[in-house]
Each structure stands twice: as structure tokens, then as C-alpha cells.
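All remarks here apply to the structure that follows.
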Amino acid sequence: MSEEASDADRFLALVAAAQVREIRLTSIQAGLLVAADLGIARDSRAFARLLGIAHSLVLRELNVLAEREGVLQIVKRDLRTMRVHYTLPPRDEA
């Protein structure tokens, strides 16, 4: 099995696990969170391009996540390109 295939399998497994932990997450929402956590993508266009999905779908799901408190933070919006940069909030180290 190639490294690229194993990376994709790992990503998909993490997305599935995120959905098990939080039943309300769509697969795109879970993917956005996993991608941010792994440093794979931290903006909407990069995420859409990497996964081969429409940027408009990513923006919609990103905005839903941003409305939920403590899930995801929007750090920058580029009005010209519609690119949205996001990050995960700091984790509580208790």
C-alpha cells in the first residue's frame, strides 16, 4: 500500500471517529476539523481543492461550524477570493 493511500485511510478514519464522538457533524465538517488538527488545510479553498469538492459546500459547512461556540474560529476572510482561514480553538490542558 502506498504512503498516500495510507494517509488518506488515516484521514478518513479520523473523520469517522470525529463523527462518532459528535453525531451532529457532517462528513465535511468533521473533515474540516481533522484537516485543521493535522495541519493539512487551514483555509476553505485548500480544503476544497485537496478533497475535490465545491468551495461553496465547504464555505457552508465552515460557517455552520463557526456558529457553534468553541468548535472552530474564523481568523480571516478574503472577500475577493471568498477564502476563509480558520483554526481550532486552543485546547484546555487540564
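Annotations
- Within region 84-94, the set of residues being more than 11 Å from the chain's Cα centre (by Cα) and open to solvent by less than 100 Å² (accessible area, probe 1.4 Å) comprises Val84, Pro89.
- Taking each residue of region 56-70 that is at pLDDT below 90 and of a type in the set (Ser, Thr, Tyr) and looking for partners that are surrounded by 14 or more Cβ atoms within 10 Å (Cβ to Cβ) and part of a loop (DSSP other than H, G, I, E, B) with beta-carbon atoms closer than 9 Å, six or more apart or interchain, yields nothing.
- Residue match in region 17-24 (condition: open to solvent by less than 60 Å² (accessible area, probe 1.4 Å), assigned to a helix (DSSP H, G or I), in contact (Cβ under 8 Å) with a residue 24 or more places away in the chain and in contact with a helix residue (DSSP H, G or I) (Cβ under 7 Å, 6 or more places away or on another chain)): no
The values are calculated or read from the model by the stated rules, or taken from the named source; none is laboratory data. Quantities reported herein were computed from a predicted structural model and do not represent experimental measurements. A quick note on method: Cβ atoms are made from the backbone with ideal geometry, for glycine too, and the neighbour counts reach across all protein chains shown. In case anyone asks, the SASA skips ligands and DNA or RNA and just uses the protein heavy atoms, side chains included. Shrake-Rupley method; radii C 1.70, N 1.55, O 1.52, S 1.80 Å.
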